[in-house]
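Written out below as structure tokens is the structure these notes cover.
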Amino acid sequence: LGIVETPALNALTVGAVGVKPMVVVTRGLLDALDDDELAAVFAHEITHWRLGDTGLLTVNQVLMRTAIALQA
């Protein structure tokens with residue numbers, strides 16, 4: 001678990017499949033939601049990792065940076 005000290009309401013998951021994932025939440029989200037709502041957010045974020053969404057985003061980022069570098 002990572003916590004970003006900002007009043008913004010956000011959560012995300014980092015870590016490719018096969019790598020230990022980390023769920024990152026903002027202080028604003030922790031303060032705004034009750035325990036059941038937070039559990040739902042964590043379940044949602046962990047599902048992104050289990051489905052490989054974080055790995056797909058990593059590949060997408062690499063491809064975009066490569067395309068930009070080739071274009072320059």
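Every number here is computed from the coordinates shown, using simple stated rules; none is lab data. Not measured: the values here are computed from a predicted model. Please note: Cβ atoms are built from the backbone with ideal geometry, for glycine as well, and neighbour counts cover all protein chains shown.
Quick look at the numbers
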item	result
The chain, relative contact order in percent, only Cα pairs under 8 angstrom and at least six apart counted	31 percent
Ellipsoid semi-axes in whole angstrom, largest first, where each is sqrt(5λ) of the Cα gyration tensor of the chain	28, 15, 9
Estimated [θ] at 222 nm from DSSP helical runs (n ≥ 4, -39500 (n - 2.57)) normalised by residues in the chain, nearest 500	-18500 deg cm²/dmol
Neighbour cut-off at most 11 other Cβ (10 Å), DSSP loop, GluC sites (Glu not before Pro), the chain	E5
Acute angle (nearest 10 degrees) that the helix 53-71 long axis makes with the longest principal axis of the chain, alpha-carbon atoms	40 degrees
